[in-house]
Amino acid sequence: MVNLAIFASGSGTNAENIIRYFSHKSLIRVTCVCTNRPDALVIEKAKKYEVPVFVFSREDLYTTTRVLDYLKDKKIDWIVLAGFLWLVPGSLLSHFRNRIVNIHPALLPKYGGKGMYGEHVHRAVIANGEKESGISIHFVNPEYDRGNLIFQARCPVFPSDSPESLAARVHELEYRYYPEVIEMIVLGPLPRDT
């Protein structure tokens with residue numbers, strides 16, 4: 001059994017979709033949800049599926065070994081970022097080398113980096129007159145959105161789009177592909193980030 005930890009900071013729609021997807025699988029399970037926000041909506045979504053939740057502080061993640069100790073205790077094999085907005089520290093990157101993945105709501109390398117998340121991304125895509133957007137699933141490295149790409153899916157950007165309407169199309173791609181790509185990389189051999 002492969003144990004996944006989902007890291008999320010917000011509403012948890014992707015986290016819930018991943019939990020639901022793997023609840024019917026025999027080889028992979030979501031063992032816990034980890035969040036840096038005690039008020040994050042992802043907590044209620046995890047509890048609905050009886051998935052344990054671990055809430056941690058900035059100090060826990062960057063200064064102490066509390067987060068890593070928890071993950072070791074849960075026998076976590078992979079970390080999946082699903083709307084987690086903090087940079088992953090070196091201690092986790094080194095322990096989970098090539099076993100941390102993230103999804104970004106744009107076609108990287110464009111519209112990535114610090115501060116580029118959620119509506120900020122969609123607003124920038126529209127403002128720059130892009131004809132398409134989409135999702136990028138990538139390995140996590142020490143920089144925001146700079147790890148090796150694993151998968152991308154595209155959708156059109158229409159002249160009439162608002163950030164909300166574009167976000168809805170991008171979310172459809174996230175929900176459709178993220179769990180499948182996680183399953184593929186966890187169970188199958190793929191080139192890893194170096």
In this structure, is ILE150 assigned to a strand (DSSP E or B), open to solvent by 20 Å² or more (accessible area, probe 1.4 Å) and under 30 Å from LYS25 (Cα atoms)? yes
Wholly within the stretch 1-66, helices (runs of 4 or more DSSP H) carrying at least 2 residues that are hydrophobic (A, V, I, L, M, F, W, C): 13-22, 42-48
Candidates ARG66, ARG58, ARG29, ARG37, filtered to the one that is of a type in the set (Lys, Arg), touching a Phe, Trp or Tyr at 6+ places or on another chain (Cβ under 6 Å) and open to solvent by 20 Å² or more (accessible area, probe 1.4 Å): ARG29
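Give the stretch 122-141 a look and list any residue that's outside any strand (DSSP E or B) and within 30 Å of ASN3 (Cβ to Cβ), or say none. Steps first, please.
Just the residues of the stretch 122-141 that are outside any strand (DSSP E or B), to begin with: 122-131, 140-141.
Listed by number, the residues that qualify are VAL140, ASN141.
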It is to be established whether one or more residues within the stretch 44-54 are surrounded by 18 or more Cβ atoms within 10 Å (Cβ to Cβ), among the charged types (D, E, K, R) and in contact with a helix residue (DSSP H, G or I) (Cβ under 7 Å, 6 or more places away or on another chain). yes
Residues in the stretch 157-180 that are over 17 Å from SER11 (Cβ atoms), open to solvent by 40 Å² or more (accessible area, probe 1.4 Å) and touching a Ser or Thr at 6+ places or on another chain (Cβ under 9 Å) total 2
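Pull up the stretch 80-132, narrow it to residues that are of a type in the set (Ser, Thr, Tyr) and under 20 Å from PHE151 (Cβ atoms), then point me to the one that is least open to solvent (accessible area, probe 1.4 Å). Before you say what the answer is, go through the steps one by one.
Of the stretch 80-132, the ones of a type in the set (Ser, Thr, Tyr) are 91, 94, 111, 117.
Adding the requirement that they be under 20 Å from PHE151 (Cβ atoms) leaves 111, 117.
Numbers: TYR111: 37, TYR117: 102 Å².
Here the residue is TYR111.
The values are calculated or read from the model by the stated rules, or taken from the named source; none is laboratory data. As the structure is a prediction and not an experimental result, all values here were calculated from the model. All Cβ positions, glycine included, derive from the backbone under ideal geometry; neighbour counts span all protein chains shown. We work out accessible area using only protein heavy atoms, side chains counted, and drop any ligands, DNA or RNA first. Shrake-Rupley method; radii C 1.70, N 1.55, O 1.52, S 1.80 Å.
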